[in-house]
Amino acid sequence: MKRLGFILLFMLSLGATDSFAASNNNRTAKVTEIVNRLNTVATADANEEAIYELDRLDKIYQNDWLIKYYISYCKFRRGLLDPDNAKNYFGQALTYMRSLDTNLVKAHPDLMALQARIMIMELAIDSSKGEQYVPYIAYLLQTSLAKEPKNSRVNFVEGMFCYFMPSFCGGDKAKGKEFFAK
């Protein structure tokens, strides 16, 4: 009888593992589907729809950093698509990034790079935040490069930072080009 109980418990745990794996595959497939749609149709409406769908997924899978990345990315893209309201959308994206668990952000260089990219774009609109933003952008990029030096997103944002920042803030066009090349 004890053996039968053990076998039953083992079988149930396998089912739970399979269920978890299926759930993980569903989540990944859904995120991939949403992102692929965004790559096909880059409109404000498509971004809003993606934010809505990703937000719903985020409520189900609360610890998935990739979903959080794409929510913030879509909010950021709204600003790129609507220059007249860019400051508002960049602010929304940055507010969302700041609401994330700092340990989650520090664990994923793509999240740090996106936060740095949003801050760089905010500086392009309002340079008065430079004193506050520049050291933090540098920190985010140094930390993310230390974790993943070959990450193309991180290198792209580091390139933006170096290329577009004035030299007294650490900018260097030649260094920026090197990061872009990576």
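Nothing in this text is a laboratory measurement; each read-out follows from the coordinates by a stated rule. These numbers were taken from a predicted model, which means no experiment stands behind them. Note that each Cβ is placed from the backbone with ideal geometry, even for glycine, and that neighbours are counted across all protein chains shown.
Here's the yes/no breakdown for (1) in a helix (DSSP H, G or I); (2) in contact (Cβ under 8 Å) with a residue 12 or more places away in the chain; (3) under 17 Å from the mean Cα position of the chain (by Cα):
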| residue | (1), (2), (3) |
| --- | --- |
| ARG117 | yes, yes, yes |
| ALA124 | yes, yes, no |
| LYS129 | yes, no, no |
| GLN132 | yes, no, no |
| ILE137 | yes, yes, yes |
| LEU140 | yes, yes, yes |
| ASN155 | yes, yes, yes |
| GLY159 | yes, yes, no |
| TYR163 | yes, yes, no |
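From GLY170, GLY159, grab the single residue that is farther than 23 Å from LEU81 by Cα and among the small types (Gly, Ala, Ser).
On the way: GLY159 fails: farther than 23 Å from LEU81 by Cα.
Exactly one of GLY170, GLY159 is farther than 23 Å from LEU81 by Cα and among the small types (Gly, Ala, Ser), namely GLY170.
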Next item on the list: Go through the stretch 79-111 and give me each residue that's touching a Leu at 6+ places or on another chain (Cβ under 9 Å), among the aliphatic types (A, V, I, L, M), under 19 Å from ASP58 (Cβ atoms) and in a helix (DSSP H, G or I).
Entry: ALA93, MET97, LEU104, VAL105, LEU111
Checklist line | Tabulated pairs, the stretch 51-74, first of a type in the set (Ser, Thr, Tyr), second not in a helix (DSSP H, G or I), C-beta under 8 angstrom, 6+ apart or interchain | finding: TYR69/HIS108
Note to self: For the structure I just gave you, tell me whether LEU140 is closer than 23 Å to GLY159 by Cα and hydrophobic (A, V, I, L, M, F, W, C).
What the structure shows: yes
Margin query: Regarding the stretch 139-148, can at least one residue be identified that is in contact with a Phe, Trp or Tyr (Cβ under 9 Å, 6 or more places away or on another chain) and among the hydroxyl-bearing types (Ser, Thr, Tyr)?
Written below: no
